[in-house]
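Presented below is the structure to which this report refers.
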Amino acid sequence: MGQEFGHGFEQLPGPYETLRAETRAPAPWQGGRGVLEGAFQVMTVLDQAGQAGLTGLAARSGLPKSTVYRLLGQLTELGAVERQADVYRLGPRMFRLGQGWQPYPGLRTAAREPVRRLVAATGATVGVSVLREGRTLVLDWAAGQDTALTPLLDVASWPWFTAAGKVQAAGRPDPAPAPDAPASWPREAAAIRERGVAFDRGEVVEGVCCAAVPLRGAGGAAVGALCVLTTVSERLEPLADIAQRAGEAITARLRQRRPGAAPSGSVLRRSPALPR
């Protein structure tokens with residue numbers, strides 16, 4: 001479904017550059033830890049940096065340079081890391097393993113056809129996200145007609161306070177989704193629960209608006225979010241209404257109320273015309 005994610009903070013122009021600050025360095029190496037933890041420390045740095053040399057990896061991971069060199073050799077042999085000249089990046093094996101991650105059974109499969117119909121009906125860019133460890137992780141994007149949103153398709157990890165993150169956090173019993181949640185969050189969460197939609201009107205990325213609806217599993221809890229993006233603020237409300245119907249179709253699949261069913265094409269085709 002759509003385009004799978006890479007990592008592209010380094011390539012984002014203009015206002016997107018501010019997102020670089022959202023990458024979080026791994027905890028400093030404390031010594032006495034296992035080889036697996038050291039390997040993940042190195043791969044976490046590569047995941048955030050995109051690529052790096054030996055010296056940079058040692059500095060950012062907090063590991064001794066000799067330890068990083070040894071780990072890189074082992075990870076390269078396994079295909080988890082690949083090397084080009086003196087630069088390292090995550091390897092194809094990590095990509096293959098990542099594609100198999102299912103934060104909820106069948107989420108990607110259930111979303112595929114409803115998302116395709118949503119993009120075809122609206123021309124909007126559509127994503128499916130989950131909230132994990134205080135971050136909004138995007139499983140898949142389906143690109144729409146607005147090429148100004150193309151740089152966003154290279155970013156897989158966002159702050160929790162995206163519309164997609166908020167709509168999931170609002171349904172949780174936790175008093176706050178993250179330590180940096182504002183004091184106004186409980187009131188905002190209540191409004192999101194009442195409407196069933198969370199909005200981002202350029203708060204995360206200037207000029208980009210987003211509406212997100214929850215995707216619910218068999219137990220009724222939000223297991224993901226469907227989000228639609230636009231650079232035209234007037235489109236946000238009608239897009240939210242259509243996204244809710246697509247989200248309900250995905251939820252029905254996840255709950256196995258109608259196994260194998262897809263949302264009716266007429267549901268989206270009869271939606272009101274959206275301003276372009």
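Taking N as the number of residues in the range 169-249, what is its alpha-carbon radius of gyration divided by 2.2 N^0.38 Å?
On the way: Rg = 13.0 Å, N = 81, 2.2 N^0.38 = 11.7 Å.
This ratio for the range 169-249 stands at 1.12.
With label points built 7 Å along Cα→Cβ from the Cα atoms of residue 221 and residue 191, find their separation and express it in nm.
According to this spin-label approximation, the distance is 2.7 nm.
In whole angstrom, note down how far apart the Cα centers of the range 34-54 and the range 148-217 are.
29
Once you list every other residue whose beta carbon is under 14 Å from the beta carbon of residue 194, what net charge do they have if Lys and Arg are +1 and Asp and Glu are -1?
Working: positive: 166, 187, 193, 195; negative: 188.
Computed value for this residue: +3.
Label-point separation (nm) for residue 133 and residue 233, each offset 7 Å from Cα along Cα-to-Cβ?
If labels sit at residue 133 and residue 233, their model points lie 3.6 nm apart.
Which value in nm describes the separation of the simple spin-label points at residue 120 and residue 89, placed 7 Å from the Cα toward the beta carbon?
Distance between label points: 3.4 nm.
Applying 1/(1 + (r/R0)^6) with R0 = 22 Å to the Cβ-Cβ distance of residue 145 and residue 101, what FRET efficiency is obtained, to the nearest 0.05?
Numbers: r = 29 Å, r/R0 = 1.32.
Step by step, r from the Cβ atoms, then E = 0.15.
At 1.4 Å probe size, put 94, 43 in order of accessible surface, largest to smallest. Walk me through the numbers before you get to the answer.
Details: 94 60, 43 20 Å².
The most accessible residue leads, giving 94, 43.
The values are calculated or read from the model by the stated rules, or taken from the named source; none is laboratory data. Being a predicted model, the structure only gives us computed values, none of them experimental. Cβ sites come from the backbone with ideal geometry, for glycine too, and all protein chains shown count toward neighbours. Calculation scope for accessible area: heavy atoms of the full protein, side chains included, ligands and nucleic acids excluded. Shrake-Rupley method; radii C 1.70, N 1.55, O 1.52, S 1.80 Å.
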